[in-house]
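Trainee: Let me begin by handing over the structure; questions about it come next.
Readers should treat all values here as calculations from the given coordinates under stated rules, not as data from a laboratory. In this text the structure is predicted, and so the values were computed from the model without any measurement. Don't worry about glycine lacking a Cβ; one is built from the backbone with ideal geometry, like all the others, and counts go over all protein chains shown.
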Amino acid sequence: MRAFSQLQNGHFCTSSLLSFCFSADPNHGSNVPCRLTFASAATPAATLSSSAVSADINKPLVVVGSANADIYVEIDRLPKQGETVAARDGQTLAGGKGANQACCSGRLAHPTYFVGQIGDDAHGRLIEDALRLGGVRLDRLARVVAAPTGFAVVMLEPDGQNSIIIIGGANMRGWPEKVRGEDLEIVATAGVVLLQREIPDRINIQFAEAAKNAGVPVILDAGGVEGPIPDELLKAVDILSPNESELERLTGMPTETFDEITLAVMKCHEMGVKKILLKLGSKGSALFVEGEKALRQAAIPASEVVDTTGAGDTFTAAFAVALVEGLSLKGCLEFAAAAASLCVEVKGAIASLPERTAVLERLQSVDAKGRHASY
Ligand SMILES: Nc1ncnc2c1ncn2[C@@H]1O[C@H](COP(=O)(O)OP(=O)(O)OP(=O)(O)O)[C@@H](O)[C@H]1O
Ligand SMILES: [K+]
């Protein structure tokens, strides 16, 4: 594993061993990383004892976004117009890109706030329970009466086809005209703010601008509604994270080959975003920083690919956690790839989010096999 820890003098050093210790934090209801330990064959173990640095790595990840109840129904075929069909099975699980990403960060034992809205109903309580179980702070989760909790009906056919209907509900309605001051305050104290596109753009813009004004990096996952991203939002974002098809839609350019992708990324730079974190499924990922050579990261092999649902959310959230905790950009890519490779081994989204120890073990096993995760 090549990971990096920041020492007191502010330089980044390659470490062959990077471990996290945990302290039970009663305020966060979960274990939080208290420091990074640095050790290599040549250098005795040193710790990040500088309170300034450790305060920074413990700054929370603030995820602003959607929370849904995902209603899965297993059917033999879609009903025709006017027809009623019986499903073979069904279940309702907490989901939504915002809640998934917040739970991922919480599961990775990083202090996490979720800023979002649910309705005053059973679906809302399902989401609250899932977030709480994931170690996410709920102080900024608002319950609105103007709308039901957002939900998605996911119809699964035997051949693996999914047909999905999304009801935005409280994700899209009931937001105040101006975002609440206490919510903006949370953003100003964050290590990183993570956004997606399943709540109104005008809300994302207010949070992104507040973060930018406070000098807090903003990552925007391009997943969610398919329309163009407003200029004001792009200008306040530090890292835009699309997958290939989202990059194609955003730029109107082909993304079949790496050369085509590079040209599409250049268009994003022209639109005002300096860093693009591109997710490429089983082909891995790449980070493009304007004016620099792209950092490419291969997917880390999963023992078995069971279900890729949630892989994108896991990847983006794990990258954000690693960024807050001071890893280099390359280290962030590796950490995110290891987390996502664990996610695809388990069915479901929130159910498949990995714990930090599992991610570190996956990185160590990649090292032990002498493979380089990057190419
Ligand atoms: N088959 C796989 N094996 C190992 N890792 C994978 C696999 N598929 C995806 N990943 C990892 O997950 C990351 C994100 O996956 P992907 O590019 O599919 O995101 P996405 O399209 O945003 O996903 P989502 O379906 O969640 O919206 C990839 O960059 C890769 O690291
Ligand atoms: K999964």
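Trainee: Which of (1) within 21 Å of Gly116 (Cβ to Cβ); (2) part of a strand (DSSP E or B) does Glu209 not meet, given it meets every other one?
Mentor: (2)
Trainee: Would you check which residues across the stretch 58-75 are surrounded by fewer than 18 Cβ atoms within 10 Å (Cβ to Cβ) and in a loop (DSSP other than H, G, I, E, B) and list them?
Mentor: Residues satisfying the conditions are Lys59, Ile75.
Trainee: Of the conditions (1) touching a Leu at 6+ places or on another chain (Cβ under 9 Å); (2) within 16 Å of ligand 1 (Cβ to nearest atom); (3) touching a residue at least 40 places away in the same chain (Cβ under 8 Å); (4) more than 15 Å from Val115 (Cα to Cα), Pro217 fails just one. Which one is it?
Mentor: (2)
Trainee: Quick one: count up the residues across the stretch 338-358 that are more than 10 Å from ligand 1 (Cβ to nearest atom), in contact with a helix residue (DSSP H, G or I) (Cβ under 9 Å, 6 or more places away or on another chain) and part of a helix (DSSP H, G or I). Can you show your working first?
Mentor: Initial filter on the stretch 338-358 (more than 10 Å from ligand 1 (Cβ to nearest atom)): 346-348, 350-358.
In the following step, the residues that additionally are in contact with a helix residue (DSSP H, G or I) (Cβ under 9 Å, 6 or more places away or on another chain) were identified as 346, 350, 352-356, 358.
If we keep only those that are part of a helix (DSSP H, G or I) as well, we get 350, 352, 356, 358.
Counting residues in the stretch 338-358 that are more than 10 Å from ligand 1 (Cβ to nearest atom), in contact with a helix residue (DSSP H, G or I) (Cβ under 9 Å, 6 or more places away or on another chain) and part of a helix (DSSP H, G or I) gives 4.
Trainee: May I ask you to list the residues in the stretch 306-337 that are within 11 Å of ligand 2 (Cβ to nearest atom), in a helix (DSSP H, G or I) and out of contact with any Cys (no Cβ under 8 Å at 6 or more places or on another chain)? Give the derivation first.
Mentor: Initially, the stretch 306-337 is screened for residues within 11 Å of ligand 2 (Cβ to nearest atom), giving 306-314.
After this cut, where a residue has to be in a helix (DSSP H, G or I) as well, the list is 311-314.
Listed by number, the list holds a single entry, Gly312.
Trainee: Could you list all residues from the stretch 235-266 that are in a helix (DSSP H, G or I), more than 14 Å from ligand 1 (Cβ to nearest atom) and buried (at least 18 other Cβ atoms within 10 Å of the Cβ)? Reasoning before the result, please.
Mentor: Residues of the stretch 235-266 that are in a helix (DSSP H, G or I), as a first pass: 235-236, 244-251, 258-266.
If we keep only those that are more than 14 Å from ligand 1 (Cβ to nearest atom) as well, we get 235-236, 251, 258-260, 262-266.
Scanning the stretch 235-266 gives Ala236, Thr251, Ala264, Val265.
Trainee: Show the residue pairs that are 6+ apart or on different chains and have beta-carbon atoms under 7 Å apart, the first residue being within the stretch 227-255 and in contact (Cβ under 8 Å) with a residue 12 or more places away in the chain, the second being among the small types (Gly, Ala, Ser) and within 13 Å of ligand 1 (Cβ to nearest atom).
Mentor: Hits for this filter: Leu240/Ala222; Ser241/Ala222; Pro242/Ala222; Asn243/Gly312; Glu246/Ala222; Glu246/Gly223; Leu250/Ala222.
Trainee: So Gly215 fits all but one of (1) out of contact with any strand residue (DSSP E or B) (no Cβ under 7 Å at 6 or more places or on another chain); (2) part of a helix (DSSP H, G or I); what number is the exception?
Mentor: (2)
Trainee: Please state which one of Leu342, Leu323 is farther than 30 Å from Ala188 by Cβ and crowded, with 21+ Cβ neighbours inside 10 Å. Write out each step before concluding.
Mentor: Working: Leu323 fails: farther than 30 Å from Ala188 by Cβ.
When all the criteria are applied, what remains is Leu342.
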